[in-house]
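Accompanying notes for the structure given below.
The values are calculated or read from the model by the stated rules, or taken from the named source; none is laboratory data. In this text, all values refer to a predicted model and were calculated from it rather than measured experimentally. As a convention, Cβ positions derive from the backbone with ideal geometry for all residues, glycine included, and neighbour counts pool all protein chains shown. Side chains are part of the model used for accessible areas, which takes the heavy atoms of the whole protein and leaves out ligands, DNA and RNA. Shrake-Rupley method; radii C 1.70, N 1.55, O 1.52, S 1.80 Å.
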Amino acid sequence: MSTGVETFEFQAEARQLLQLMVHSIYSNKDIFLRELISNASDALDKLRLEAYANKDLDVDTSDLHIQIEVDKERRTLTVRDNGIGMSRDEVIVLIGTIAKSGTAELLEKLRESKDAAGSQELIGQFGVGFYSSFMVADKVTLVTRRAGESTATRWESDGGATYVVETIDEAPQGTSVTLHLRPKDEEDQLFDYTAEWKIREIVKRYSDFISWPIRMEVEKTDAEGKTTTEIQTLNSMKALWARPKEEVKEDEYKEFYRHLSHDWTDPLEVIHMRAEGTFEYESLLFIPSRAPYDLFMRNAKRGVQLYVKRVFIMDDCQELMPEYLRFVKGVVDAQDLSLNISREILQQDRHIQLMRRRLVKKVLSTIKDLQTNDAERYQTFWREFGRAVKEGLLNDFDNQKTILEISSFASTHDPEKLTTLAEYVQRMKEGQTEIYYMTGETRSTIENSPHMEAFRAKGYEVLLLTDPVDEMWVDAVPDFDGKRFQSIAKGQVDLDTEEEKKSSGAEREQREKDFAELLSWLKTKLSDQVKDVRLSSRLTTSPACIVGDAHDITPTLEKMYRAMGQEVPQVKRILELNPTHPLVSGLRAAHADRKDDEVLAETAELLYGMALLAEGGELADPARFTRILADRLARTL
């Protein structure tokens, strides 16, 4: 017996929205099942809460679950729960009216969204998750009975202009949603949603950690070919992040990490935290023990998944973890976000920003603890991920100090062991006010650079920075512990003490006068290559070196920009001469005797070319340099 049959007409904007659904604007249609399971899970949560609050409510909460039923012949898929259910009025308000507010705004966003992946994230944002069913079904039937009521309500629509609501006498408590599936069309990514493997795949991907069992009747065939059916639970219900740390075994963490990351190694560190207060969330993060192969690829994905109340929302939540921590794997489960919140809203949501700040600080403090308490594991971490972490020095100004503290660098102090900046500062010479460094392609290149000579002779420690990111962060970071970073290949360098300056002052002035004419001549002869020629205080054994002005970009950085397709103007640098080297003093004497000798001009070219090669640079005309050098060598035989 049925009573109270009414036919309602969808509002105009709701009809437009349904048509967009029906005509498959979304590329990933699998999420319809996630939405239905999520709704069912919410209904079970609400029933448990109401039964706890209302002791007079006559309901059985001993076996709350979600059931998926398939009828291959009729091509139907039903998602059923024994949760709170809905009254007739609630059906009309919650189901019959699509997106009570904001429908027009949603439609506008859907039209503006150019990519299917972006548009699919709008499902659920305006309360239309249930209507994602029309992506895969040409008719949807809903039957529901609210806990504590005797009559039920049936709702049905084919996604057209109208829907029907009727009151029926008999139905189990809870809600069942039956989808009359559209024909399979793999080209349109419309799969056979009656297939057991497909249902398992979707549940495992999106709803594995729903806290209620998701059951389905499956067929089993024994060795003799006899087929039987049994009820199986499809989801693990193992939301490790929701359990207290002391209840989770180490092996469970490892197993979950492997499931999450598809990495066969164990994680280096586990970070399990829970935030309570005005905004609650749980997180379970992992620092891997080795870098993924795509860590430095442009399209590499980040590893943190976003859940809302144990419902999977997105795989690659960029808003939760900055790019320099993209290697961190794990799950963040928020309690106060709407399901399937869009990336656009994520970027602006203050709760997300608050979570991100806390998560980043927790990851960095965990690394700092490793550095302090477990040197071996910290060294493993830095070897695998140090290059990525240093990227944070360029854009995470809030945590720049912490990143500097957890960073390690090669230095001249030890041929193998890395050093922290704090250790460097402790070893600084009395009166030293700057942290000296040099960038280059390899440690060997830097160590053998002429720029190192005076620093080595006077016992100053120099950081040896060989990662590409080092070329950029040293200009972005002003100092560490009040000590400014100073490149030994830039600007003027004077390592003499005040006493040494006083004792050698007159000698210096005389040298400047003696070499003034040579320096002026060389500056003219090499004007296409350098902007200045001057005497050096950083050389002890080499005849010459090339340095940059304090704010010039380095040749390596110049190469990097050009490799990325960016045009940068050629930066002329400065040629510094060692006045005590026989080649330089000999050139001065020869120039004083025979200023117009063309051989001297070639010597100037050789001097500049040698300085360029000594720092690992590239000659503009290698053939000419080789010819001049061969000619000079021939004359010595």
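Name, by its number, the condition in (1) in contact (Cβ under 8 Å) with a residue 12 or more places away in the chain; (2) open to solvent by 50 Å² or more (accessible area, probe 1.4 Å); (3) not aliphatic (A, V, I, L, M) that does not hold for TYR281.
Among (1) in contact (Cβ under 8 Å) with a residue 12 or more places away in the chain; (2) open to solvent by 50 Å² or more (accessible area, probe 1.4 Å); (3) not aliphatic (A, V, I, L, M), TYR281 violates only (2).
Report, by residue number, each residue of the stretch 136-181 that is closer than 29 Å to ALA53 by Cβ, among the aliphatic types (A, V, I, L, M) and at pLDDT below 90.
Initially, the stretch 136-181 is screened for residues closer than 29 Å to ALA53 by Cβ, giving 142-155, 165, 167-177.
With among the aliphatic types (A, V, I, L, M) added as a condition, the list becomes 142-143, 147, 152, 165, 168, 171, 177.
Of everything in the stretch 136-181, nothing turns out to be closer than 29 Å to ALA53 by Cβ, among the aliphatic types (A, V, I, L, M) and at pLDDT below 90.
Taking interchain pairs and intrachain pairs at least six residues apart, which have beta carbon atoms under 6 angstrom, with the first residue in the stretch 176-198 and without any contact (Cβ under 8 Å) to a residue 60 or more places away in the chain and the second basic (Lys, Arg) and surrounded by fewer than 18 Cβ atoms within 10 Å (Cβ to Cβ)?
The qualifying pairs are ASP192/LYS184.
Look at the stretch 316-329 and say how many of its residues are closer than 16 Å to HIS262 by Cβ and either more than 12 Å from the chain's Cα centre (by Cα) or of a type in the set (Phe, Trp, Tyr) (or both).
Selection size over the stretch 316-329: 1.
Search the stretch 346-364 for residues that are within 17 Å of VAL331 (Cβ to Cβ) and pair each with any residue that is assigned to a helix (DSSP H, G or I) and among the acidic types (Asp, Glu) when their beta-carbon atoms are under 9 Å apart and the residues are at least 6 apart or on different chains.
Going by the 9 Å Cβ cut-off, the qualifying pairs are VAL360/ASP398.
Consider ALA43 carefully, then state whether it is at pLDDT below 80 and in a helix (DSSP H, G or I).
Criteria not met by ALA43.
Could you check, for the stretch 279-297, whether at least one of its residues is assigned to a loop (DSSP other than H, G, I, E, B), in contact with a Gly (Cβ under 7 Å, 6 or more places away or on another chain) and not charged (D, E, K, R)? If you could, list the steps in order and put the result at the bottom.
Residues of the stretch 279-297 that are assigned to a loop (DSSP other than H, G, I, E, B), as a first pass: 279-280, 288-297.
So of that shortlist, the ones also in contact with a Gly (Cβ under 7 Å, 6 or more places away or on another chain) come out as none.
Within the stretch 279-297, not a single residue is assigned to a loop (DSSP other than H, G, I, E, B), in contact with a Gly (Cβ under 7 Å, 6 or more places away or on another chain) and not charged (D, E, K, R).
Can you find even one residue in the stretch 319-326 that is farther than 30 Å from LEU64 by Cα, open to solvent by less than 70 Å² (accessible area, probe 1.4 Å) and in contact with a Pro (Cβ under 8 Å, 6 or more places away or on another chain)? Spell out how you get there, then give the answer.
Taking the stretch 319-326 as the starting set, the residues that turn out to be farther than 30 Å from LEU64 by Cα are 319-326.
If we keep only those that are open to solvent by less than 70 Å² (accessible area, probe 1.4 Å) as well, we get 319-322, 324-326.
Narrowing further to those that are in contact with a Pro (Cβ under 8 Å, 6 or more places away or on another chain): none.
No, because not a single residue in the stretch 319-326 is farther than 30 Å from LEU64 by Cα, open to solvent by less than 70 Å² (accessible area, probe 1.4 Å) and in contact with a Pro (Cβ under 8 Å, 6 or more places away or on another chain).
Among residues belonging to the stretch 139-148 that are on the phi < 0 side of the Ramachandran plot and in contact with a helix residue (DSSP H, G or I) (Cβ under 9 Å, 6 or more places away or on another chain), point out the one that is most open to solvent (accessible area, probe 1.4 Å).
ARG146
Limited to the stretch 532-554, what total is found for residues that are of a type in the set (Gly, Ala, Ser), open to solvent by less than 50 Å² (accessible area, probe 1.4 Å) and in a loop (DSSP other than H, G, I, E, B)? Steps first, answer last, please.
The first filter runs over the stretch 532-554 and keeps only residues of a type in the set (Gly, Ala, Ser), leaving 536-537, 542, 544, 548, 550.
Pick out the ones that are also open to solvent by less than 50 Å² (accessible area, probe 1.4 Å) and you get 536, 542, 544, 548.
Next cut, in a loop (DSSP other than H, G, I, E, B) only: 536, 542.
Of the residues in that region, 2 qualify.
Please go through the stretch 364-394 and give me each residue that is touching a strand residue (DSSP E or B) at 6+ places or on another chain (Cβ under 9 Å), closer than 24 Å to PRO468 by Cα and hydrophobic (A, V, I, L, M, F, W, C), ordered by number.
Residues satisfying the conditions are ILE367, PHE381, TRP382, PHE385.
Considering the stretch 606-631 alone, what residues qualify as being free of Cβ contacts under 8 Å to residues at least 60 places away in the same chain, more than 25 Å from THR466 (Cβ to Cβ) and assigned to a helix (DSSP H, G or I)? Can you show your working first?
At the first step, the residues of the stretch 606-631 found to be free of Cβ contacts under 8 Å to residues at least 60 places away in the same chain are 606, 609, 613, 618-619, 621-631.
Next, only the ones that are more than 25 Å from THR466 (Cβ to Cβ) stay: 606, 621, 623-631.
Those that are free of Cβ contacts under 8 Å to residues at least 60 places away in the same chain, more than 25 Å from THR466 (Cβ to Cβ) and assigned to a helix (DSSP H, G or I): LEU606, ALA623, ARG624, PHE625, THR626, ARG627, ILE628, LEU629, ALA630, ASP631.
Residues in the stretch 294-316: is at least one of a type in the set (Phe, Trp, Tyr) and more than 29 Å from GLN400 (Cβ to Cβ)? First the steps, then the outcome.
Just the residues of the stretch 294-316 that are of a type in the set (Phe, Trp, Tyr), to begin with: 296, 307, 312.
Then drop every residue that is not more than 29 Å from GLN400 (Cβ to Cβ), which leaves 307, 312.
Looking through the stretch 294-316, at least one residue is of a type in the set (Phe, Trp, Tyr) and more than 29 Å from GLN400 (Cβ to Cβ).
For the stretch 149-162: of the residues being part of a strand (DSSP E or B) and open to solvent by 10 Å² or more (accessible area, probe 1.4 Å), which is farthest from ILE84 (Cα to Cα)?
Filtering the stretch 149-162 down to residues part of a strand (DSSP E or B) leaves 152-157, 162.
If we keep only those that are open to solvent by 10 Å² or more (accessible area, probe 1.4 Å) too, we end up with 154, 156, 162.
Numbers: ARG154: 16, GLU156: 20, THR162: 26 Å.
Per the stated criteria, the residue is THR162.
So which helices (runs of 4 or more DSSP H) are wholly in the stretch 378-475 and hold at least 3 residues that are open to solvent by less than 50 Å² (accessible area, probe 1.4 Å) and more than 21 Å from ALA544 (Cα to Cα)?
Numbers: elements: 392-395, 400-406, 421-427, 443-447, 453-458.
Per the criteria, 400-406, 421-427.
Hey, does the stretch 566-576 have a residue that's in contact with a Ser or Thr (Cβ under 8 Å, 6 or more places away or on another chain), free of Cβ contacts under 8 Å to residues at least 60 places away in the same chain and open to solvent by less than 40 Å² (accessible area, probe 1.4 Å)? Before you say what the answer is, go through the steps one by one.
First, pick out the residues of the stretch 566-576 that are in contact with a Ser or Thr (Cβ under 8 Å, 6 or more places away or on another chain): 576.
Add one more test, that the residue is free of Cβ contacts under 8 Å to residues at least 60 places away in the same chain, and what stays is 576.
The next check asks that each one be open to solvent by less than 40 Å² (accessible area, probe 1.4 Å); those that pass are 576.
The answer is yes; a qualifying residue exists.
Quickly run through the stretch 504-531 and pick out the residues that are exposed (fewer than 11 other Cβ atoms within 10 Å of the Cβ) and farther than 22 Å from ASP596 by Cα.
ALA506, GLU507, GLU509, GLN510
Exactly one condition in (1) of a type in the set (Asp, Glu); (2) more than 30 Å from THR278 (Cβ to Cβ); (3) modelled with pLDDT of 95 or more is false for GLU441; which is it?
That leaves (3) as the condition not met.
Would you pick out the residues in the stretch 172-210 that are part of a helix (DSSP H, G or I) and basic (Lys, Arg)? Explain how you work it out, then say what you get.
Looking only at the stretch 172-210, we keep the residues that are part of a helix (DSSP H, G or I), and these are 186-188, 196-206.
Within the stretch 172-210, LYS198, ARG200, LYS204, ARG205 meet the criteria.
Considering only residues that are touching a Leu at 6+ places or on another chain (Cβ under 9 Å) and not in a strand (DSSP E or B), look in the stretch 211-238 and name the one that is most open to solvent (accessible area, probe 1.4 Å).
SER211
Could you give me the residue pairs with C-beta distances under 8 Å whose first residue belongs to the stretch 414-432 and is modelled with pLDDT of 95 or more, whose second residue is open to solvent by 70 Å² or more (accessible area, probe 1.4 Å) wherever it lies, and which are 6+ apart or on separate chains?
LEU418/GLN379; THR419/HIS413; LEU421/ASP481; ALA422/ASP481; TYR424/HIS413; VAL425/ASP481; ARG427/HIS413
Pairs needed: first member in the stretch 8-19, over 12 Å from PHE134 (Cα atoms); second member anywhere, modelled with pLDDT of 70 or more and β-branched (Val, Ile, Thr); C-beta distance under 9 Å; at least 6 residues apart or different chains.
Within 9 Å, the pairs are PHE8/ILE92; PHE8/THR162; PHE8/VAL164; PHE8/VAL165; GLU9/THR162; PHE10/THR162.
Check LEU557, LEU587 and return the single one that is modelled with pLDDT under 80, open to solvent by less than 20 Å² (accessible area, probe 1.4 Å) and in a helix (DSSP H, G or I).
On the way: LEU587 fails: modelled with pLDDT under 80.
None of the other options fit; the residue is LEU557.
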